[in-house]
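Everything below concerns the one structure shown next.
The values are calculated or read from the model by the stated rules, or taken from the named source; none is laboratory data. All of these numbers come straight from a predicted model, not from anything done at the bench. As a convention, Cβ positions derive from the backbone with ideal geometry for all residues, glycine included, and neighbour counts pool all protein chains shown. Ligands, DNA and RNA are excluded from the accessible area calculation, which covers all protein heavy atoms including side chains. Shrake-Rupley method; radii C 1.70, N 1.55, O 1.52, S 1.80 Å.
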Amino acid sequence: MKCAIMQPHYFPWAGYFNLISKVNKFVFLDDVQFSKNSWQSRNQILVNGKKKWITLPTKQSVLKTNINQKKIDFSVNWQIKQTKTIIQNYAKCNYIDDLKELVEFFNNLKFTNLSEFNIDLIKYISNKLKIETSFIISSAFNIKKSRTNRVVEILKILNAKEYLSPQGAKDYLQNDEFDKLTDAKLIINQYTCEPYSQIGIQEFTPRLSIIDLIANLGWNGASNYVKES
């Protein structure tokens, strides 16, 4: 059984869904510390041809608040504002109707918890991309260990034989001597964000939110892109 473990991101990029598509079980690492200005609460889209952040506002909390304890700030109607920004800037794309379907689901999400909000959004997008992977939350295991030891414990509980990791985690896993802590085989996901046609853009802008991919390729095209890249 092959497993991947990632924090629940906000409107993740294509590589995140590529990772999900390649494993049997995907674990949302929801019981680790919230990090301000991280992918947990923001991502990037194209606005007037340039990269722009879209941010999910959260309430202030103590420094050591975990993602699954972080509360979303609904004091302003930020979802409607973001929807307008997204639709206006992708209005000329061929698959605007597919994008509208996504933002309609997004607008109806009312979770006050950051982790639950992101996870439900990721599950919905994964389903539309025809990804058949089982999802689990790490907080269900109540593991007190940290960093690589936490990953190893999750793999042990799930009886995973292979651990698929994003490129960014390679160094710390090797520094922590992952291979000496578990019999599970470490595989680094060598994902390449291949250029695709972006409306109004001459030079391809990579690593944007999945929003950009869906607007330009539609659900079916995005599904093929995520799985084949």
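Each residue in the range 3-51 was checked for being open to solvent by 30 Å² or more (accessible area, probe 1.4 Å), part of a strand (DSSP E or B) and out of contact with any Lys or Arg (no Cβ under 7 Å at 6 or more places or on another chain), and 5 pass. The numbered conditions (1) open to solvent by 50 Å² or more (accessible area, probe 1.4 Å); (2) in contact (Cβ under 8 Å) with a residue 12 or more places away in the chain; (3) under 30 Å from TYR95 (Cβ atoms); (4) out of contact with any strand residue (DSSP E or B) (no Cβ under 6 Å at 6 or more places or on another chain) are all true for GLN198 except (1).
Across the range 120-132, the qualifying residues are those that are among the aliphatic types (A, V, I, L, M) and in a helix (DSSP H, G or I), and the one among them that is surrounded by the fewest Cβ atoms within 10 Å (Cβ to Cβ) is LEU121. Any residue in the range 66-80 that is in contact (Cβ under 8 Å) with a residue 60 or more places away in the chain, farther than 24 Å from GLY200 by Cβ and within 12 Å of the chain's Cα centre (by Cα)? Within the range 66-80, not a single residue is in contact (Cβ under 8 Å) with a residue 60 or more places away in the chain, farther than 24 Å from GLY200 by Cβ and within 12 Å of the chain's Cα centre (by Cα). Being under 21 Å from the mean Cα position of the chain (by Cα), closer than 19 Å to PRO12 by Cα and touching a residue at least 40 places away in the same chain (Cβ under 8 Å) is a property that ILE154 lacks.
Does SER139 qualify as being touching a helix residue (DSSP H, G or I) at 6+ places or on another chain (Cβ under 7 Å) and open to solvent by less than 10 Å² (accessible area, probe 1.4 Å)? No, not satisfied. Among the residues of the range 173-195, just one is of a type in the set (Ser, Thr, Tyr) and more than 20 Å from the chain's Cα centre (by Cα), namely THR182.
The residues of the range 209-229 that are out of contact with any Cys (no Cβ under 9 Å at 6 or more places or on another chain), among the polar types (S, T, N, Q) and either part of a helix (DSSP H, G or I) or over 19 Å from PHE11 (Cα atoms) (or both), listed by number, are ASN220, SER223, ASN224.
Does ASN113 satisfy the criteria of being open to solvent by 80 Å² or more (accessible area, probe 1.4 Å) and not hydroxyl-bearing (Ser, Thr, Tyr)?
Judged against the criteria, ASN113 is not a match.
The residues of the range 175-229 that are aromatic (Phe, Trp, Tyr) and touching a Lys or Arg at 6+ places or on another chain (Cβ under 8 Å) amount to a single one, TRP219. Considering only the range 196-227, state which residues are under 17 Å from the mean Cα position of the chain (by Cα), over 19 Å from ALA4 (Cβ atoms) and polar (S, T, N, Q). Passing the criteria: only SER209.
The residues of the range 14-34 that are more than 15 Å from the chain's Cα centre (by Cα) and either over 21 Å from LEU158 (Cα atoms) or among the aromatic types (Phe, Trp, Tyr) (or both) amount to a single one, GLN33. Count of the range 79-119 residues, restricted to those that are out of contact with any Pro (no Cβ under 7 Å at 6 or more places or on another chain) and assigned to a helix (DSSP H, G or I), is 26.
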